[in-house]
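Participant: Got a structure here, written out as structure tokens. Questions coming.
The values are calculated or read from the model by the stated rules, or taken from the named source; none is laboratory data. Since the structure is predicted, the reported quantities are computational estimates derived from the model, not experimental observations. Every residue, glycine among them, receives a Cβ derived from its backbone with ideal geometry; neighbour counts consider all protein chains shown. All accessible areas refer to the heavy atoms of the entire protein, side chains included, with ligands and DNA or RNA removed. Shrake-Rupley method; radii C 1.70, N 1.55, O 1.52, S 1.80 Å.
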Amino acid sequence: MQDACYNPVAVQTAVDLANTLRPVKGEDALETLEQLQDFLDAHPAAEPPGTVPRQLTHADLTEVRALRETVREVLERSSANAVEAAALINDGLRRSRATPVLRHEGDRWWTEVTSGADRRSTHLAATTLSALASVIATLGPARLGVCAGLNCRATFVDLSRNGSKQYCTRNCAHRASVAAYRSRRSPH
Ligand SMILES: [Zn+2]
């Protein structure tokens, strides 16, 4: 039943948005309108339902990049300072005029949060921030985190049963265990 409290697709959209920036490598995959279009195409939860997509503008890019800052800060701070993360979420939800809606397809019913404002960035803000809010409310603020891998700092949300995730990917976990093994074997 707990799974029904958050939308895993929207949660992943939040994480993927934050990880378009790779702070250690200095790589940014959200610098152009084409990159923004690619991100939105790859994340259906980012698109307001029932609207005809219009041409993206530089204002959309600027707004989505600003939202990314907020989403990343929430993911980075939540486990150490949940009150601060909650304030960021609440402020973002208020500014995006987040609105819960009840939808159905045949007999299947679910709730979604969308935006009362007609902008890509505000819908994306409402979707991603409400998804992170639901994870915090359901599983706790420590489920949001930053990869413990050296030279990584990618963000993640841990939706696993035991909630012991420390690394963004298996690759990062593997690299860290190899490094730990080498340092144990080396006397230096
Ligand atoms: Zn990592």
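Participant: Any residue in the stretch 124-143 that's in a helix (DSSP H, G or I): show its pairings with residues that are of a type in the set (D, E, K, R) and modelled with pLDDT of 95 or more at Cβ separation under 7 Å, as long as the two are six or more apart or on different chains.
Facilitator: Every condition considered, the pairs that remain are Val135/Arg143; Arg143/Asp158.
Participant: Taking the residues in the stretch 170-184 that are open to solvent by 60 Å² or more (accessible area, probe 1.4 Å) and more than 9 Å from the ligand (Cβ to nearest atom) as candidates, determine which candidate is nearest to the chain's Cα centre (by Cα).
Facilitator: Among those residues, the one meeting the criterion is Arg170.
Participant: Would you please name the residue that is farthest from Arg97 (Cα to Cα), looking only at residues in the stretch 42-71 that are in contact with an Asp or Glu (Cβ under 9 Å, 6 or more places away or on another chain) and open to solvent by 60 Å² or more (accessible area, probe 1.4 Å)?
Facilitator: Step by step, filter the stretch 42-71, then rank; the result is Ala42.
Participant: Further, regarding this structure: Please identify the pairs in which a residue from the stretch 161-188 that is under 25 Å from Thr138 (Cα atoms) and hydroxyl-bearing (Ser, Thr, Tyr) has its Cβ atom under 9 Å from the Cβ atom of a residue that is open to solvent by 80 Å² or more (accessible area, probe 1.4 Å) and at pLDDT 85 or above, counting only partners at least 6 apart or on another chain.
Facilitator: Close Cβ pairs satisfying both conditions: Tyr167/His174; Tyr167/Arg175.
Participant: Considering only the stretch 157-169, state which residues are surrounded by fewer than 21 Cβ atoms within 10 Å (Cβ to Cβ) and closer than 27 Å to Gly26 by Cα.
Facilitator: Of everything in the stretch 157-169, those that are surrounded by fewer than 21 Cβ atoms within 10 Å (Cβ to Cβ) and closer than 27 Å to Gly26 by Cα turn out to be Asp158, Lys165, Gln166, Tyr167, Cys168, Thr169.
Participant: Related question: Considering every residue within the stretch 74-81, establish whether at least one is open to solvent by 30 Å² or more (accessible area, probe 1.4 Å) and touching a strand residue (DSSP E or B) at 6+ places or on another chain (Cβ under 7 Å). So that I can check it myself, show each step before the final result.
Facilitator: Residues of the stretch 74-81 that are open to solvent by 30 Å² or more (accessible area, probe 1.4 Å), as a first pass: 76-77, 79-81.
Of the ones still in play, those that are also touching a strand residue (DSSP E or B) at 6+ places or on another chain (Cβ under 7 Å) are 76, 79.
Looking through the stretch 74-81, at least one residue is open to solvent by 30 Å² or more (accessible area, probe 1.4 Å) and touching a strand residue (DSSP E or B) at 6+ places or on another chain (Cβ under 7 Å).
Participant: Just name the residue that is farthest from the ligand (Cβ to nearest atom) out of those in the stretch 131-144 that are in contact with a Lys or Arg (Cβ under 9 Å, 6 or more places away or on another chain) and open to solvent by less than 10 Å² (accessible area, probe 1.4 Å).
Facilitator: Val135
Participant: Against the condition open to solvent by less than 70 Å² (accessible area, probe 1.4 Å), at pLDDT below 95, of a type outside the set (A, V, I, L, M) and within 16 Å of the ligand (Cβ to nearest atom), how does Gly116 come out, does it pass?
Facilitator: no
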